[in-house]
Amino acid sequence: MPAPERKMSDKNGKPTLAVWKFASCDGCQLTLLDLEDELLAITGEVDISDFREATSAVVDGPYDVSLVEGSITTPHDAERIQEIRRQSGALITIGACATSGGIQALRNFADVSEFTRIVYASPEYISTLETSTPIADHVQVDFELRGCPIDKHQLVELVTATLVGRKPRIPTTSVCTECKLRGNLCVMVAHGTPCLGPVTQAGCKALCPAYNRGCFGCFGPMESPNTASLVPLLKRLGRSDTDVERLFSTFNANSEPFKEAAGRNG
Amino acid sequence: MAKRRTIVTDYLARVEGEGAMTVKLDGDTVEHVELRIFEPPRFFEAFLRGRSFMEAPDITARICGICPVAYQTSAVNALESLCGVEVPEPIRMLRRLLYCGEWIESHALHVYMLHAPDFLGYESAIELAQVAPAAVERGLALKRIGNDVMTLVGGREIHPINVRVGGFYRTPSKRELRTLVEPLERAREAALETVRWTAGMEFPERTVECDLVALQWPDEYAIERGRVVSSAGLDLAPAEYEEHFEELHVERSNALQSQLRGGGTYLTGPLARYTLGHDRLSAGAREAAKEAGLGPECRDPFRSIVVRSVELVHACEESLRIIEDYEEPDAPFVPVEPVAGTGYGVSEAPRGLLYHRYRIDADGTILEAKIVPPTSQNQLAIEDDLRDVVARNTKLDDEALRRLCEQTIRNYDPCISCATHFLDLQIER
């Protein structure tokens with residue numbers, strides 16, 4: 001991952017950080033505020049220039065690092081991300097919405113005008129795009145941090161690595177690897193519980209299997225997901241086509257491997 | 001001489017989600033007040049159709065990263081009542097404990113990081129930490145303990161993975177829960193200190209007159225279950241909610257706004273809960289409220305920061321009580337077989353009443369879903385309050401008035417991510 005080409009440190013000599021929101025639940029930016037033990041240390045090293053959830057103070061760009069949460073779903077947001085890209089040294093997407101379109105990307109496979117009619121009495125008031133798309137469909141992204149929500153330790157690692165200009169240590173293996181590291185019993189082998197662990201990127205520390213449930217894919221597809229093997233196995237465990245489609249159609253439904261596994265064409 | 005002015009905040013800070021405010025004044029006359037929600041719609045109620053009823057807690061959690069447990073709880077309440085399942089008492093108490101964790105996390109976030117800077121004249125808690133590091137550190141420690149409760153019971157603090165229709169995937173041992181006792185005792189002390197700290201802030205005298213609506217339960221400060229009661233005397237089962245409340249769709253908002261059926265503004269959240277249920281608070285919370293000068297009712301939105309602090313004390317004491325009494329359940333969940341029909345569920349999110357309704361078929365497929373978040377219900381009350389605050393403060397200059405208007409909105413801890421399916425601050429004069 002490229003480091004910012006030049007440090008645009010502010011008047012205090014500290015690098016600057018901005019946090020931006022698009023269509024999302026706010027959970028990934030909340031992760032930054034959930035770093036209770038580290039937050040004041042971080043704000044000692046980095047100047048937060050624009051982070052509306054946390055502060056009314058706004059400093060104009062450019063910014064050394066921009067963290068972007070949420071997906072692009074309106075014409076206005078499609079323009080706003082362009083300006084954020086121009087103002088940013090490193091642009092990092094945080095979470096499944098920004099990285100794959102989020103659960104709101106289920107509209108991509110449906111009729112949006114029908115969706116609008118279901119939720120709103122006066123659909124003519126609503127301005128929205130036909131699709132929910134990841135940030136990388138619109139601008140160049142320097143790093144995509146996975147998860148619904150992201151993992152706070154991965155966030156600290158990524159921001160730290162970006163600021164010092166080194167490669168972040170973010171694993172791209174599967175949840176299975178983390179299950180072995182954690183010493184979990186395999187819920188699929190031992191209990192026949194459907195699990196997306198073999199095709200899902202690590203990062204959650206195999207949380208669901210540790211709680212006796214199958215992985216449901218919060219971190220999206222791993223580097224080389226063998227969904228072609230997993231789908232028949234899920235069916236042998238008694239899952240119907242509809243069950244399989246649902247399993248792959250959640251927070252990363254718009255990612256190519258999961259779209260294909262759900263039986264959707266392109 | 002009458003002077004027209006427009007005061008605008010085009011992106012409200014220190015709230016969850018994307019909203020804006022416009023106030024238009026002609027001299028001392030308030031012409032227009034608007035809280036505009038431009039957070040883009042995400043269509044949850046539409047894509048829930050066709051999903052399994054078992055997926056509802058995981059999917060609806062994603063409406064809001066700040067109060068996912070509220071969504072999970074209202075969803076399981078609706079679906080379990082429809083399917084004729086009542087979870088065993090230890091499971092219900094674990095759900096209440098998880099919910100207390102969310103109240104502690106969300107209230108500590110709002111009191112210390114979003115709201116207190118308004119009273120003390122700072123832009124953020126980060127700036128506040130430069131002059132009052134001990135206070136901000138106390139807030140962060142408190143928030144962290146809320147997150148620790150959610151992590152132990154729910155698996156993680158944002159979008160917990162352990163809640164299922166019928167119970168949990170895994171229930172903690174007594175020993176695991178006991179690790180929370182010492183941190184929660186510290187949290188209770190921090191919460192008591194929070195009440196003293198917020199009670200010492202300066203408050204303009206305000207009273208809102210609208211109906212107050214909250215959940216109620218005979219012997220508990222209602223959180224994870226209850227009947228819907230109001231200051232005007234309503235007392236409803238969750239299934240009767242829509243007979244008395246309706247949602248409107250207005251042009252300025254991507255959120256629907258609720259009102260009493262046939263017209264009438266009402267308010268949910270801490271002020272309503274306290275006024276309708278303060279006698280059911282824990283002993284320490286009642287005592288703290290008394291010391292803070294709160295009477296049997298509180299209709300002052302600025303003092304909501306004190307009420308949230310009192311609720312922090314309650315949530316800590318209630319958590320300690322639940323852990324003390326906890327007996328491990330025989331099984332982590334009760335199997336739930338789908339039943340065709342319509343189910344209704346309510347719970348008290350940190351910022352107010354959250355209503356869910358689902359219609360499912362005999363296979364458990366969701367045919368229809370309806371979700372009414374607290375901020376949609378509070379939006380008209382917020383705008384009414386804003387109009388009155390502006391009318392009483394027309395002598396203020398634009399900047400002072402804009403700040404006061406923003407604070408008026410933050411008094412309600414609006415969660416715009418929830419409401420969209422919801423707000424822009426401009427003041428025009």
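None of the figures in this text is laboratory data; all of them are computed from the coordinates on show. Keep in mind it's a predicted model, so treat the numbers as computed, not measured. Using ideal geometry, Cβ is built from the backbone for each residue, glycine included, and neighbour counts are taken over all protein chains shown.
For the reader, a short list of remarks on this structure follows.
- Ratio Rg/Rh [Cα only; Rh per Kirkwood] for the protein assembly as shown: 0.94
- The trypsin sites (Lys or Arg not before Pro) found in segment B:249-320 that occupy coil by DSSP, while having at most 11 further C-beta atoms within 10 Å, are B:261.
- A simple charge model with +1 on the Cβ of Lys and Arg, -1 on the Cβ of Asp and Glu and nothing else charged puts the dipole of segment B:4-428 at about 460 debye relative to its Cα centre.
- Taking all Cα pairs closer than 8 Å and separated by 6 or more residues, the relative contact order of segment A:175-261 comes to 26 percent.
- Between the listed residues A:32, A:143, B:231, the Cα displaced farthest toward the positive end of the dipole of the protein assembly as shown, a dipole computed from Cβ unit charges relative to the Cα centre, is found at A:143.
- Reachable aspartates and glutamates from residue B:395, criterion Cα separation under 16 angstrom, eight or more residues apart if same chain: B:26, B:28, B:31, B:428
- Separation of the alpha carbons by more than 32 angstrom is noted, of A:205/A:259; A:21/A:259; A:14/B:24; A:21/A:205; A:205/B:370; A:14/A:152, for A:14/B:24; A:205/B:370.
- Annotation for segment B:232-304: GluC sites (Glu not before Pro) lying in DSSP loop with at most 12 further Cβ atoms inside 10 Å of their Cβ are B:251.
- Low-density loop positions, trypsin sites (Lys or Arg not before Pro), segment B:1-63 - DSSP coil, at most 12 other Cβ in 10 Å: B:3
- Inter-part distance where segment A:115-145 and segment B:74-129 are each reduced to a Cα centre, Å: 28
- Radius ratio Rg over Rh of chain A, counting only Cα atoms, Kirkwood formula for Rh: 1.00
- A convex hull fitted to the Cα coordinates of chain B yields 124 cubic angstrom per residue.
- Charge dipole (Cα centre; +1 on Lys/Arg Cβ, -1 on Asp/Glu Cβ; no other charges) of segment A:16-164 amounts to roughly 360 debye.
- Charged side chains reduced to their Cβ positions (Lys and Arg at +1, Asp and Glu at -1) give the protein assembly as shown a dipole of some 1300 debye around its Cα centre.
- The antiparallel fraction among DSSP beta bridges confined to segment A:1-159 stands at about 10%.
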